[in-house]
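Encoded as structure tokens, the structure appears first; notes follow it.
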């Protein structure tokens, strides 16, 4: 096989792998709020209730922290939100003016104080918009790039079909094709 064909097939494989990646936490028009709920000593608080209220529409979304204290509220339209975090035996904590941007994760970590359920702590400074845990690049394909990916996907599909029809002619699977198999 020529070097040009090897490069074309490698590019097809890369295109398939990149085209298949999705971000389940958000769509191209939404963002999310995520974080960890702990007490002042750093112990995770499981089952804390997180309420996210849209400042513009006054709509509420709720989430429950998992056993490690982590939570995420997904598919939020961009805008300003109020985040209320409550857990049994702890003071309620309120974060004002939390900004959500398109395809971004806004991190809101809470350190709850021990107290009555009727007490609350209001934090009026906005949390950091720096994403420390997520590395992503957002973008979209042009029409030409999309058509090129379809052509390369078809080429890879033809290779697998040819290999099934003529197994004796394809004694070994090329390294680039062994890592990815398309459905027919």
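From (1) assigned to a strand (DSSP E or B); (2) at pLDDT below 95, pick out the condition that doesn't hold for residue 9.
Looking at each condition in turn, residue 9 falls short on (1).
Read through the list (1) assigned to a strand (DSSP E or B); (2) modelled with pLDDT under 95, then give the number of the only condition that residue 47 fails.
Result: residue 47 passes all but (1).
As an exercise: evaluate residue 129 against (1) modelled with pLDDT under 65; (2) surrounded by 11 or more Cβ atoms within 10 Å (Cβ to Cβ); (3) farther than 12 Å from residue 33 by Cβ and give the number of the one condition it does not meet.
(3)
Give me a count of the residues in segment 75-90 that are surrounded by fewer than 18 Cβ atoms within 10 Å (Cβ to Cβ) and either outside the structural domain of residue 112 (by TED's automatic domain parsing) or not in a strand (DSSP E or B) (or both).
Here the count works out to 4.
The values are calculated or read from the model by the stated rules, or taken from the named source; none is laboratory data. Here the structure is a predicted model, which means the values were calculated and not measured. In this analysis, Cβ positions are derived from the backbone assuming ideal geometry, glycine residues included, and neighbour counts consider all displayed protein chains.
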